[in-house]
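S.K.: This is the structure I want to talk about, given as structure tokens.
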């Protein structure tokens, strides 16, 4: 940046084309390798690495890059912002598991305990096309939860700077004692439930816990309330309150109602490491 090339009297800025960019969230809580180790491994592959500073937006970093492969090393809540930029540009996305649970990485078939192995996707990885979901315009890769589980996530975030064990106990107390239904309609039909989950493809599900997804390219959303499951390409959820607390890929959010949920089938290009012998 800032350098110029000289050709006669003209001064032309150098344009640096980067083959790959990895954005790393050092606060995701991996418990695995140190951020510096991931950065070094990425750079060894010729991938530019950017470690997020406090309050930096990974989506903005991705949009400012001209990389032709965009990757994110973080937990589930960090991925969608960079995946959305990759989708808009029609360039491949690389997921590097560097969070606490890494559900999306698991469902992609990655080894959640080996983020360094996931980096190999930048170097001749296999491309897959997978579905993404949207809650209105907000992209999600895993699911959106409404109701009591979302309240748990909001309370956990509120207390995350306090002792973690105390925060978890308070969050689960909300989950176990809150008995009011959401007062919502799904596609115009009233539904009495304390929890609703809209998933990008089908889960093996035992509310409020999530199992795995066997595929990410079915082209269907799956909506779960206790005792009922529905599959469709679109759902509309409304509430008299005009807004609902939500957890979008595990991150707290407030969504204005009505919320239109829809699937974008096979919209996202994802690179995964080639399995040995594959």
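The values are calculated or read from the model by the stated rules, or taken from the named source; none is laboratory data. Just so you know, these numbers come straight off a predicted model, no measurement behind them. Here Cβ is always computed from backbone atoms with ideal geometry, including for glycine, and neighbour counts include all displayed protein chains.
S.K.: Among 73, 62, 40, which is the only one that is outside any loop (DSSP other than H, G, I, E, B), closer than 18 Å to residue 114 by Cβ, at pLDDT 95 or above and touching a helix residue (DSSP H, G or I) at 6+ places or on another chain (Cβ under 9 Å)?
M.R.: Selected residue: 73, the only one of 73, 62, 40 that is outside any loop (DSSP other than H, G, I, E, B), closer than 18 Å to residue 114 by Cβ, at pLDDT 95 or above and touching a helix residue (DSSP H, G or I) at 6+ places or on another chain (Cβ under 9 Å).
S.K.: Can you find a residue in region 120-140 that is buried (at least 21 other Cβ atoms within 10 Å of the Cβ), farther than 18 Å from residue 211 by Cβ, modelled with pLDDT under 95 and in contact with a helix residue (DSSP H, G or I) (Cβ under 6 Å, 6 or more places away or on another chain)?
M.R.: no
S.K.: Here is a follow-up. Which condition number in (1) surrounded by 19 or more Cβ atoms within 10 Å (Cβ to Cβ); (2) under 19 Å from the mean Cα position of the chain (by Cα); (3) modelled with pLDDT under 95 is the one that residue 221 fails?
M.R.: Going through the list (1) surrounded by 19 or more Cβ atoms within 10 Å (Cβ to Cβ); (2) under 19 Å from the mean Cα position of the chain (by Cα); (3) modelled with pLDDT under 95, residue 221 breaks only (3).
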